[in-house]
Amino acid sequence: MAQIAKISEQVQLKSSGHKFYEFFKNKMDYVFLQMFPEIYQSCKVVEGNGFSHGNIIHLKYNAGKPEEVRERLAIDDANKSITFECIEGDPLRDFDVIKLKIQVFDNGSNGSSVNWSIEFVKANEGVATPHNYLLCVTKVSKGLDDYLCNN
């Protein structure tokens, strides 16, 4: 049986963790398309009503190469986390399982941070670890943080 592997990246934020999480959760499906057109081409809810727990989104993006994916959302407001579980799409050519999770932390007087993690099972040993996704979401985190600090 294949082992689940995990990689992660933490980004320090200047903006409020609460503000960052709420913006991400409530505006990803349309504002991100305008803010990061080089990464996100489309994002729409295809099952369910809105960007909420258990619903499925269809996303077209470029994290080094153009890809499409359908993902099930697991939203945990109490822990300020959202998990995107790939259920269909391009990443499943290389991975039997791939889940991207964002979790935002308020660190008191030390500001806030966002932790991105990816759990995955490679389809075969020749598949590269998905660091390209972490590079992409790190860029998005920094861009969103700058936007929130200036608006």
ask   = Which numbered condition trips up A63, out of (1) touching a Ser or Thr at 6+ places or on another chain (Cβ under 6 Å); (2) under 15 Å from L100 (Cβ atoms); (3) of a type outside the set (D, E)?
value = (1)
Spans of strands (runs of 3 or more DSSP E) in region 34-84 with at least 3 residues in contact (Cβ under 8 Å) with a residue 24 or more places away in the chain = 56-62, 66-76
query = Of the residues F51, F95, F84, which is open to solvent by less than 40 Å² (accessible area, probe 1.4 Å), within 17 Å of the chain's Cα centre (by Cα), over 19 Å from D29 (Cα atoms) and of a type in the set (F, W, Y)?
reply = F95
key: Long-range neighbours under 6 Å by Cβ, at least six apart or interchain, first residue open to solvent by less than 70 Å² (accessible area, probe 1.4 Å) within region 129-151, second of a type in the set (K, R)   = D145/K14; L148/K19; C149/K14
request  = Report, by residue number, each residue of region 107-128 that is touching a strand residue (DSSP E or B) at 6+ places or on another chain (Cβ under 7 Å), closer than 20 Å to D146 by Cα and surrounded by fewer than 16 Cβ atoms within 10 Å (Cβ to Cβ).
outcome  = N107, G111, N115
key: Scope region 60-74; condition among the aliphatic types (A, V, I, L, M) and modelled with pLDDT under 95; matching residues   = A63
task = Find the residue count for region 17-33, including only residues that are touching a residue at least 12 places away in the same chain (Cβ under 8 Å), out of contact with any strand residue (DSSP E or B) (no Cβ under 6 Å at 6 or more places or on another chain) and not aromatic (F, W, Y).
result = 5
message = Here's a check for you: in region 112-138, which residue that is at pLDDT 95 or above and charged (D, E, K, R) is farthest from V11 (Cα to Cα)?
response = K122
key: Considering residues of region 11-44 that are within 19 Å of S113 (Cβ to Cβ), open to solvent by 50 Å² or more (accessible area, probe 1.4 Å) and of a type outside the set (S, T, N, Q) only, the residue nearest to the chain's Cα centre (by Cα)   = E22
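The values are calculated or read from the model by the stated rules, or taken from the named source; none is laboratory data. Please read all numbers here as calculations on a predicted model, not as lab measurements. Glycine also receives a Cβ, built like all others from the backbone with ideal geometry; neighbour counts cover every protein chain displayed. What goes into the accessible areas is simple: the full protein's heavy atoms, side chains included, and nothing from ligands, DNA or RNA. Shrake-Rupley method; radii C 1.70, N 1.55, O 1.52, S 1.80 Å.
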